[in-house]
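Since the structure comes first, as structure tokens, the remarks are kept for the end.
Laboratory data are not the source of any read-out in this text; all were calculated from the coordinates shown. All values reported here derive from a predicted model rather than from experimental measurement. Here Cβ is always computed from backbone atoms with ideal geometry, including for glycine, and neighbour counts include all displayed protein chains.
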Amino acid sequence: MTEQTLSTPGSARRRLLQINPVYVLLVALLVAIVLLNPAFMEPQGYMNYLKRAAALAILSGGALYVIVAGGFDLSVGAMMTLTVIGSSMLASNDPNSTYWIIPLMLGIGALVGLINGLVVSYLRVPSLIATLGMMITLTGVAFVWSGGAPRGYLPDTFRFFGRFNITGVPLVNIFPVAIICLVVFGLILWWGMHRTNLGRMIHAIGDNQRAARLAGVPVERVRITAFIVSSMSAVVAGVILGGRAGVSVDIGSGYELQAITAAVLGGAQLLGGRGSVPAAMAGALALEAIFTLLNLLGLPQPVRQVVQGLILIGAVALAMYRRKRTGR
Amino acid sequence: MSDTPVIEMRNISKSFPGVRALHDVSFSCARGEVHALVGENGAGKSTLIKILSGVYNPDSGTVLIDGKEQHFRHPQESLLAGISVIYQEFSLLPERTVAQNLFLGREPVRGGVIDGRAMEDETRRVLGLFGARHHIEPDTTVADLDVASQQLVEIAKAISLSSKVIVMDEPTAALNESECEVLFSLIDQLRAGGTTIIYITHRMREVTRLANRVTVIKDGEVAARFDHVPDPETIVRTMVGRDIADYYPPPGTPQERGNVVLGVRGGGNAFLRNIDFELRAGEITGFAGLQGAGRSALAMALFGAVPFTSGTVTLDGKGVRFTHPRDAIRAGIGVLPGDRKAEGLLLMQSVRDNGMVTARSFASFLASHRTNAHTDLAGMDKLFDRMEVRAPSYEQEMRVLSGGNQQKAIVARWLALKPKVLIFIEPTRGIDVNAKAGIYHLMRDLARSGAAVMMISSDLPEILGAADRIVVMREGRIAGEFPRGATEADIMLSATGEKHLAGEAA
Amino acid sequence: MTDTTLPAPRRSGFRFDRYASGFLLLASIVLYVGLVVVSGQTKYLSVDNLVSILGRSITLGITAIGQTFAILVASIDLSVASLISASAVVTSVVMNGEPSMMLPAILAVLALGAVVGLINGLVISKLEVNPLIATLGMSLIIQGVLSAFYNNFAGKVPVEFQIFAYGSVGIVPYSLIFMFVLAGLAWFVLRFTRFGSDIYSVGGNKDAARNAGIKTSGVIIGAHVVCSLCAAIAGLYLASRLRSGAPWIGAEGVYDLESIAVVVIGGTILAGGRGGIWGTMAGVIIFSLIDSIFNVIGMDAFVKQVVRGIIIVAAVAFYAVRSKRPVS
Amino acid sequence: MKKLVMAVAGMAVLFAGAAQAQAPNFDDPAEFAKQKAQLTGAFNGPADSPWLQYAGDAMADTAKFKKDGPWTICFSNAGVNNPWRVVGYTDMTEEVKNHPEIGTFTHVDAEGSDDKQIADIDDLLAGGTCSALIVSPNSTAALTPAVEKACASGLPVIVFDRGVTTDCPVTFVHPVGGYGFGIQAGEHVIANTSAGANVLMLRILPGVDVLETRASGARNMFKEAGLNILGEEFTDGDNAKTKSIVEDYLQRGTIDAVWMDAGATAVAAVEAFEDAGVPVPVVTGEDQQDYLQKWKALGFKGIAPTYPTYQWRTAIIAAVNTLKGEAVPGPEWVLPQPAITQDVLDQYINEKMPPLHYAMCGCEGMPGYPEAWGGTK
């Protein structure tokens, strides 16, 4: 449709309507949590919450790169598992190993992203299938590497990022390192997506790949970069989650769908062209808040699943409705 | 003609969020007439048709078919009422056969099972109407047909429905002269048989040739109704609302004409053979030819998207070889694609982003998106201002702009890079008359500033009006070259290689 | 239509993509026979073993037949695994060992499948929720409701009903015959009925189908009902095979992702509108063969994972690399 | 739409009604008492090789299975999808090396799927090369027909870990059982807390027989002792989730004891207390090295009931003895199930072993130890 549109310049009310609903949802959930459990207002309460959401938030911010570029990355959860298991295999209880293991893992992440990107771009395999294959393969690699059970601890230097709390901070008393990571990587991902040529080009290829190519966008390189960012943020998320939780065999499983869910809650358009890093991260925080809230309400696990399913469908249906109403 | 109109649309109004598409439009058609519906793009013709066919519901007003009030909520209901529409965008399924496409959604069923033989027979019958020259097999997959044949299938689909009313939205866009003639005589036959045709076109020649009556829509309202076909100037004046002075810009002067920028010798690939030509700075070179003559293949070869496999290309006298669009862009060649929606626009991105995309593509990934070696946001805004891109704000999404403004915005994309050669493919397709003039002037300004402009168009009058020199292509080769002032007949003769057709076209 | 999309050079009479799944099937048969001969385990080259290979993946096969419908209509269904669990549980709980309850149980399961498919279809076509999200949400909801009531094998399937999985004509199990009959029926529907034709049309180009008067929503809903019904039947079969149903048996078989993988390996494209049932059946048999090959050569369980992931991607690349479609 | 609502409502009623009718019975006082007795009872066989010990005197006659070597022993495994099974499977492969009569050891892995395991057993039977079949069923009821089919083909079948509901196998090898595990952990909690103390019960997932019986055993004991059960939470064996759950409970009040039905997440639970700066209360775990070491390092009141991985050795031994025609304990071979307590903690800690190694592996004396289990000398 190319009907002439003369939309009225944004009145205050209209602008209010344009606020991404994920922020409203997040605030509402946090208010509900505080009402149910005033202890949440204590630094210990909200810091714990942010600390546990950090890995998913960073992961969602990275996954958004692939989503906005018009694809899916189902391999991020397996990449997290590989990060934790691989690190524990390499560390052999040596605290100094962290300084080379994390860069090495980031390198492996970049390599995995590169392969995903190459397979999607040059072998033309739909990203859903390509990254599904990668997910299965990486899980297998993690198992083969460790023989099924990790053979080392993660040293405390490694666990620092996900576990350590800086104490004696004025006002809040404790300040988890994971939150610093969240802010730093959040800013990096935001900057990359919303303040660089790369970010604009990712939007362009997700919007209309053919047009982007004819306009000179190096489509393959941009897409590959998006996959690399996604995989590398999975490594970062893996380091933080491994730090928080310690070694286990399937630590990252399920995170791929949670990351997509968070991005969608944040208003990202599946199949590309639209999405925001802060909103995706807010989506992750909202998801974690939902879990916390349901936990506080003492609802059993099955009910949590049902609620999660309903919210997921509801959020997307609402987004579609708004998009239709505010004009296509 | 009977007294009750076949179609009567009374006081139709329809708004979309932020847009008033139609206001109090009344429109009626009699049995057995060809009714031309003309108007600029965005005037509301498509909306009117979509209301008639049940794609949209009107906000107010009534639709009467044979005098009975109807409320279509789905295209199926209007089909059952005898109205079929050939949309501008193709609605064929490339992976299915011709027969399956012809019977899309209304396959004959016998005993619960699709009657494949009946489908094939009927398909043969309808396709037979096009004559032996355009032979299409019912079991051919549509993807294997060329564009013109696909358009014919599209038309055959409407005919086979034996509808009372057939709406044709720019049906000749992909057809060559001889195919157009086939279509026109078909329309004559249908009219004689009592079918009503609503014919939407931008080509005045077709209005003159076919129509019994003309309705002009402007800004969502009926601007004029003619019970006879007036001269084209009158129609255009009503559409635009004013006389169009200097519709085409003045031609280039010899002083402006510069050196050869781009030269091709013996160029060839799967679609092209033995291509020799030159583009000069300061000059608009028009490329005419029938659909499939290889003009866009030539553009894609120059642009490196479908590279030459033989021959040499020189740019500023130096030999070059482009195997990827980026090579060509880096060397100073730009392309305005023919299918804006599919190949040009980033509809969800802002006007600014659409303008900046090419400049950004050649800057560092991690550099700021606001500025780069070629331009910055302020410079892009200035460019938009200068080109009079009309948008509520340059931060608006591209999809809310009209076709003409969208085209300007993506021209701006290239201007920022100051290209040596700019290739326009169908630069004014689907753009309204006013905006067309703007695009022609833009091309001229570009040439004056020293670029070589290559203009590929199927609209012969616009090539004659805007180009300094005309190259004609036929079957993947250069068939001839003409200076400004050549006649339509000269060009057609060269483009078809058939003398009698050239005579008709004149 | 654009001038810039160049018409493809005339294709020859032989259309590779139409037979590609056959080639893949042939290749895996050759590989299997080769490996059996080389490793000297020629005992495996028996009719018994052929039947056992074909019988390996009946649950997957029945599910994949349904998934083919969903994917052909350019949708996808991630809720099949949960629905299989739910159907199996309903089967065994309603039957509860009583042969007289067999018919009511079957009807209840089919009704359940129809309702789930209907809701999936409605949410996707009317609320315009992305099918991935809609069915993921549905999956969570089904799984939640199911686990709220059951947390173990529940009920019992009477011996009479176990005939479905364990009975056979000679050495050919009924269930195998049933799967191929179902596939034949699905093929017939897709090839010779209006509904089948509409599925290809809506999957190929939704707008064109709608403009041609096809009720696209109805077709999408129909495809999802078929998909869910097949999953429900797979649940019936699994209950018969396992003699009871438990809320995890669908998830544990990964029938959601595996059914998508076999459909795609069978040459049906994720974008919809192209492909068919026999390709899917070839995909299912390829999967069974791969499993058997792994067992024959005694491949390490973890290496198996890695290889399987690579095979999925390679098989899809085998088609995709030739296609001129844009990648996503 | 109305119809739809009716249908859904009908379905829900169906579900609810049926659920009432047939909740599976994991609360069996007779079995509870039997296992309680077995925990402290006497076992036959060498005390230094618990994997050879057995409760009771019943023996299965295997003369008809006597066969000359070399044998092909086939093993249909539910999966090696967690460290417990990995350690066990290593035990098993190392045990195979002790028996030169075993020519081929064929392992097929069902990757945690009943459906696949049934097909795997079919494959093994169709191949026709197996001398004996060992099955570690993925679930009890589902694998019964497949096991029956294998028995019917004349093969000696050994089942271990989870059972099947038929007694056609030669024997079913298993430790005392789930109630026993629950009792050991429950008694420890009760002994170290007073009435009214808050106990958090952490579960892996619902529905698995051995885990359900562990929970029901302990739950009854806690109620009897007047302890206050704060909640029963499922962790999916996920460390991060475990930590979150404990953090949330800590925010709402004090926790005097954490009881868990399997130790995989024990360290995560302990860390939640550590990170919150709260003293670690009574915690029950399992014999994984990371937990044992944490326990020692922090010195909280811990216990590690076990579900010994040495039963994987026993399965091979049972198969070998069967093929030799020697009698084996049957139809059930009940193995001892010791708990690691503070007194014997140091014996089981070995920092050279991987963190997720299960200490009660009975593998210290095997030739491949410790490298095969991922440890270093």
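The radius of gyration of the Cα set in region B:101-243, together with its Dmax, comes out at 17.8, 62 angstrom.
Here's how it looks for residue A:72: its modeled amide H is under 5 Å from those of A:127, A:128, which are all 5 or more places away or on a different chain. The H on the amide N of residue B:479, modeled in the peptide plane, is under 5 Å from the matching H of B:472, B:473, B:474, each at least 5 residues off or on a different chain.
Need one number: the % of Cα-Cα pairs in region B:7-245 sitting beyond the 34 Å mark. So the pairs more than 34 Å apart make up 17 percent of the total in region B:7-245. Between the amide H of residue B:60 and those of B:13, distances stay under 5 Å, these residues lying 5 or more places away or on another chain, with hydrogens modeled in the peptide plane.
Shown in residue order for region B:481-487 are the 3J(HN,Hα) couplings computed by the Karplus curve 6.51 cos²θ - 1.76 cosθ + 1.60 at θ = phi - 60°: 9, 10, x, 4, x, 5, 9 Hz (x for Gly and Pro). Per-residue ellipticity at 222 nm from helix content only, as computed over the protein assembly as shown with -39500 (n - 2.57) for each DSSP H run of at least four residues, stands at -16500 deg cm²/dmol. Full extension of the chain between residue B:388 and residue B:227 gives 54.3 nm of extra length, using 0.36 nm per residue less the Cα-Cα distance.
For the pair residue B:253 and residue B:475, a Förster radius of 45 Å applied to the C-beta separation gives a FRET efficiency near 0.85, rounded to the nearest 0.05.
Computed from Cα atoms, the angle from the helix D:83-97 axis to the main principal axis of chain D rounds to 20 degrees.
About the centre of its Cα atoms, region B:7-245 shows a dipole size close to 580 debye [charges on the beta carbon of Lys, Arg (+1) and Asp, Glu (-1) only; nearest 20 debye]. In this structure, residue C:27 and residue D:192 have a Cβ-Cβ separation that, at R0 = 45 Å, corresponds to a calculated FRET efficiency of about 0.10.
Kindly flag which residue pairs out of A:51/D:243; C:126/C:206; D:34/D:324 have an alpha-carbon separation exceeding 20 Å in this structure. Beyond 20 Å between Cα atoms: D:34/D:324.
What shape does chain B have by the C-alpha gyration tensor, where a ≥ b ≥ c are the square roots of the eigenvalues, rounded means a/c under 1.5, and otherwise prolate means a/b greater than b/c and oblate the rest? It is prolate, given that a/c is not under 1.5 and a/b is the larger ratio. The overall shape of region D:178-305, judged from the alpha-carbon gyration tensor, is rounded, with an a/c ratio under 1.5. Computed from backbone phi with θ = phi - 60° and the Karplus coefficients 6.51, -1.76 and 1.60, the 3J(HN,Hα) list for region C:33-46 is 4, x, 5, 4, 5, 4, 7, x, 9, 5, 4, 6, 8, 10 Hz; x is used for glycine and proline. What you get for chain D, charging only the Cβ of Lys and Arg (+1) and of Asp and Glu (-1), is a dipole of about 420 debye around the Cα centre.
Couplings 3J(HN,Hα) of region C:279-290, computed from phi: x, 4, 4, 4, x, 4, 5, 4, 4, 4, 4, 4 Hz, in residue order, whole Hz [Karplus 6.51 cos²θ - 1.76 cosθ + 1.60, θ = phi - 60°; x for Gly and Pro]. In region D:101-151 the Cα-Cα distances spread across 5 Å bins starting at 0 as 4, 19, 35, 24, 12, 4, 1 percent of all pairs. By the compact-protein rule of thumb, 2.2 N^0.38 Å, the alpha-carbon radius of gyration of region B:169-211 corresponds to a ratio of 1.09.
Taking D:297, D:257, D:63 as the candidate residues, the one with maximal mean-square fluctuation in a Gaussian network model of chain D, Cα springs under 10 Å, is D:297.
Placing unit charges on each Cβ (+1 for Lys and Arg, -1 for Asp and Glu) gives chain B a dipole about its Cα centre, and among B:22, B:377, B:443 the Cα reaching farthest toward its positive end belongs to B:377. A Gaussian network model of chain A, with springs between Cα atoms under 10 Å, assigns the largest mean-square fluctuation among A:255, A:49, A:65 to A:49. Temperature 25 °C, viscosity 0.890 mPa s: under these conditions the Stokes-Einstein estimate for chain D, based on its Kirkwood radius over C-alpha pairs, is 112 µm² per second. Modelled spin-label separation between residue A:42 and residue B:484, with each label point placed 7 Å from Cα along the Cα-to-Cβ direction: 8.5 nm.
With the largest listed first and rounded to whole Å, the semi-axes of the equivalent ellipsoid of chain C from the Cα gyration tensor are 31, 28, 17. Taking N as the residue count of region B:395-506, its C-alpha radius of gyration divided by 2.2 N^0.38 Å amounts to 1.20. Size estimate for the protein assembly as shown follows the Kirkwood approach: the inverse of mean 1/r over distinct Cα pairs works out to 35.8 Å.
Every Cα-Cα pair in region B:349-418 was counted, and those over 20 Å apart are 20% of them. Please state the shape class of region B:228-337: rounded when a/c is under 1.5, otherwise prolate if a/b exceeds b/c and oblate if not, all from the C-alpha gyration tensor. Because a/c hits 1.5 or more and a/b exceeds b/c, region B:228-337 counts as prolate. Rounded to the nearest 20 debye, the dipole magnitude of the protein assembly as shown is 3680 debye, with +1 charges on Lys and Arg beta carbons, -1 on Asp and Glu beta carbons, and the Cα centre as origin. In this calculation the C-beta distance from residue D:252 to residue C:160 is compared with R0 = 30 Å, giving a FRET efficiency of 0.05. Between residue D:166 and residue D:49, the modelled label-to-label distance comes to 3.2 nm, taking each label 7 Å out from Cα in the direction of the beta carbon.
Bridgeable lysines around residue D:116 (alpha carbons under 29 Å apart, same-chain partners fewer than 8 residues away excluded): C:43, C:156, C:304, D:97, D:149. Using a 10 angstrom cutoff on alpha carbons, build the Gaussian network for chain A and name the most mobile of A:108, A:260, A:67. Greatest mean-square fluctuation among the candidates belongs to A:108. Convex hull volume per residue, computed on the Cα atoms of region B:30-97, equals 136 Å³. Using a simple spin-label model with pseudo-atoms 7 Å out from Cα toward Cβ, residue B:73 and residue D:327 lie 8.2 nm apart.
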